[in-house]
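Q: My questions all concern the structure below.
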Amino acid sequence: MRARHAFALAAGLWLAALGRDGFDRWIDATSMPVLALSTSAEVVDREGILLRAYTVADGRWRMAIRADDVDDDYIKMLVAYEDKRFYDHHGIDPKSIARAVLQAVRNGQIVSGGSTLTMQVARLLEDSGTGKMEGKLRQMRLALALERRLSKQEILTLYLHLAPFGGNLEGVRAASFAYFGKEPKRLTPAEAALLVAIPQAPESRRPDRSHGRAVAARTRVLDRAVRDGILDPQQAEGALTEAVPHARRPFPAFAPHLADRALAEDPTLLHHVLTLDNRVQKSLEALARDVIQGQGAQVQVAMLVADHTSGEVLASVGSASFAADDRAGFVDMTQALRSPGSTLKPLIYGLAFDQGLAHPETLIDDKPMSFAGYAPQNFDRTYRGTIRIRNALQLSLNLPVVQLLDALGPAKLLAAMEKAGIHGVIPGGQPGLAIGLGGIGVRLEDMVQLYAAIARGGVALPLTHRVEGTRAEGQRILSDTSAWQVGDILAGLPPPPGAPGNRLAYKTGTSYGNRDAWAIGFDGRHVIGVWLGRPDGSPIPGAFGADLAAPVLFQAFSRIKPKLDPQPSAPPSTLLVSNAQLPQPLQRFRSRAAAFEAAANAPHVSFPPDGAEVELLPEGVMVKVQGGRGPFTWLADGLPLIVQDRARQTMLRLPGSGFVTLSVIDADGRSARTKVRIR
């Protein structure tokens, strides 16, 4: 009887309000709930594929969606099953209410509520319940008010966000990910029917807890879809054979460290578009999980992939699993400060090439020596005697690179690192020669950015993980010639056992005490960095970059592409000669002080004088040498421009304006230089 009275009262009040003016005022005076819904923050890849989503403040999954983002069959089934006159009524369907009242009178209890989709939205907005008289009246009034303020599409969109699907799932998109692991744009008829059925009784029809009821409810929706002409019998029959899930799926959680980082950068932004490639990210995360198997409970791995032509990060793996476990998987090891071992050596060699201190074919001594009390040793504690620079870098010998760094000065190395965007941390704060062998703290992301600069022809460009507009030009840290020479040397390294001989330019490194194993490499387009170690910095006995990290690097390249992109050809200014054909000062390494030491009858640049400003003519810049013995070799900023020229006066073709150091070397290896400004 209470049910009859409730519906009779509701109908009476509704009829009494039909006076046009009073009715309008009643609706217009309706207090409205907040219509701006909070939705999950989302991180997507460059193609818009969901990488990671976050719950809203109350722990619910409520994901932003538009009606256009849902499968058409779902919308059709929903409207036909819940409110077939949705597009015709103004919030309340008189026919449905009349039918509900008659059913209640006939059965002595509520059989159907007569709620429209708009009334359901009203209830969900205010969580006003379903069976109480005052709640039903409020829903009716609010539904009428909503219809005056919103379009049908906007009301439907609210339902798509608010419909309950059991537990902490709200909205069709969250349900589609939880039960089917995909976006709701292309649901099967069976999936669409299940998502229509659950919200009517979300807790008792949850397929993960009440599987049988979920199946039965889906069947009723499919039967109605056939009756209403949405599906043909064959489609429905096929849908009935499709399994209903027994459990919820986890929401996507790819690139969790970088996703958290992006969210922290702008907590107010709900849609973060990253440069990551979903396919590459998934593949590298799977590789990371494979790598740590059998490596010990505390060993961790991190990887970073970037397109060095654009600086865009394509994959970022901070650890093998995002967990508070023995491996400290919650720590993003792409951002942790670690010792780079020998991975800084290519930069030192490149700077030496640029300064005219050496050439890949220059001979250098690999023997015990001391530098003001600092006496480094090679990793294997053996020495090779006199060796070519090319082989010294490929063998990662310590003595040759320390000699070059001593001639350059640690400050020049640190300046180049700063240009490349590397802000290293030096233990004790005083830069010394040890930084060339790993005595500095850097991040994996820093090192990938450095190798990207070498691969890009010597121009550094900050790595970015956000899809955005025009990016600033990077700074040049090496000449294109020196960068190519370094890459050519690294491409000559033999691959790890079992890896393809594909001329990948790469370098390995092992930090002091076997704490960090590194491998970083690049081809004509991509650069990948790999780090293995223990996050707490404790040693791993027997861990070497060449043994641990290098195979992972080659596997990473094979997973992202079937074959390598070719390396660029040598720049025109590259001196491709044997050691015997080099200018005498470049045949064997000597410090810059020795290389430019004045001697009797030494050559002298008589024009242009030091500090002069010279106009660049179409045919070049006039240079003259006095003294010395021909033939003469002329260099600009360490790069040979004219070799073995017997004339004492010639024209040098320079690339452009700016400050330049011009050097001349005679047949006896004696040299002179002048620094001028070209305009």
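Q: Students often get this wrong, so check it: of LYS282/LYS563; LYS182/LYS563; LYS84/LYS185; LYS95/LYS152; LYS152/LYS185; LYS185/LYS282, which have C-alpha atoms separated by over 27 Å?
A: Those over the limit are LYS182/LYS563.
Q: Taking the alpha-carbon centroid of each part, what is the distance from region 408-469 to region 656-676 in angstrom?
A: Here the answer is 29 Å between Cα centres.
Q: Mean separation of Cα pairs under 8 Å and 6+ residues apart, divided by the residue count of region 596-678: what relative contact order is that in percent?
A: Relative contact order comes out at 39 percent.
Q: Can you list the HN-Hα couplings for region 153-168, worked out from phi with the Karplus curve (6.51, -1.76, 1.60; θ = phi - 60°), rounded to whole Hz and with x for Gly and Pro?
A: Whole-Hz 3J(HN,Hα) from phi for region 153-168: 5, 5, 5, 4, 5, 4, 4, 4, 7, 9, 3, x, 10, x, x, 9.
Q: Taking each pair of distinct Cα atoms in region 413-515 once, what is the resulting Kirkwood hydrodynamic radius in Å?
A: Evaluated over region 413-515, this radius sits at 15.4 Å.
Q: Now for a different question. How much mean residue ellipticity at 222 nm does the chain get from its helices, if each DSSP H run of length 4 or more adds -39500 (n - 2.57) and you divide by all residues, to the nearest 500 deg cm²/dmol?
A: Theoretical 222 nm ellipticity from helices: -10500 deg cm²/dmol.
Q: Running Debye on region 201-342 with equal point scatterers at the Cα sites and no solvent, what base-10 log of I(q)/I(0) appears at q = 0.08 Å⁻¹?
A: Here log10 of I(q) over I(0) equals -0.43.
Q: Could you work out how far the C-alpha centroid of region 525-595 sits from that of region 309-378, in angstrom?
A: Region 525-595 and region 309-378 have Cα centres spaced 10 Å from each other.
Q: How many times 2.2 N^0.38 Å is the alpha carbon radius of gyration of region 596-678?
A: That works out to 0.99 for region 596-678.
Q: Return the ratio Rg/(2.2 N^0.38 Å) for the chain, where Rg is computed over Cα atoms only.
A: So the chain has a normalised radius of gyration of 1.38.
Q: Continuing with this model, one more query. If you average the sequence gap of Cα pairs under 8 Å that are 6 or more apart and divide by the length of the chain, what percent do you get for the contact order?
A: Numbers: 1339 pairs, mean separation 67.0, N = 679.
Dividing the mean separation by the residue count of the chain yields 10 percent.
Q: Search the structure for amide H atoms under 5 Å from the amide H of ASP516, placed 1.01 Å from N in the peptide plane, and list their residues when 5 or more places away or on another chain.
A: Under 5 Å from the amide H of ASP516: SER511.
Q: Would you list which aspartates and glutamates come within 13 Å of LYS675, measuring only between C-alpha atoms, while excluding same-chain residues fewer than 8 positions from it?
A: Counting by Cα, and skipping residues close in sequence, LYS675 has these aspartates and glutamates nearby: ASP610, GLU613, ASP637.
Q: May I pose another question? Could you derive backbone 3J(HN,Hα) for region 547-560 from the dihedral phi with the Karplus parameters 6.51, -1.76 and 1.60 (θ = phi - 60°), listing whole Hz in sequence and x where the residue is Gly or Pro?
A: 8, 8, 7, 4, x, 5, 4, 5, 5, 4, 5, 5, 7, 8
Readers should treat all values here as calculations from the given coordinates under stated rules, not as data from a laboratory. Remember, it's a predicted structure, so these values are computed and weren't measured experimentally.
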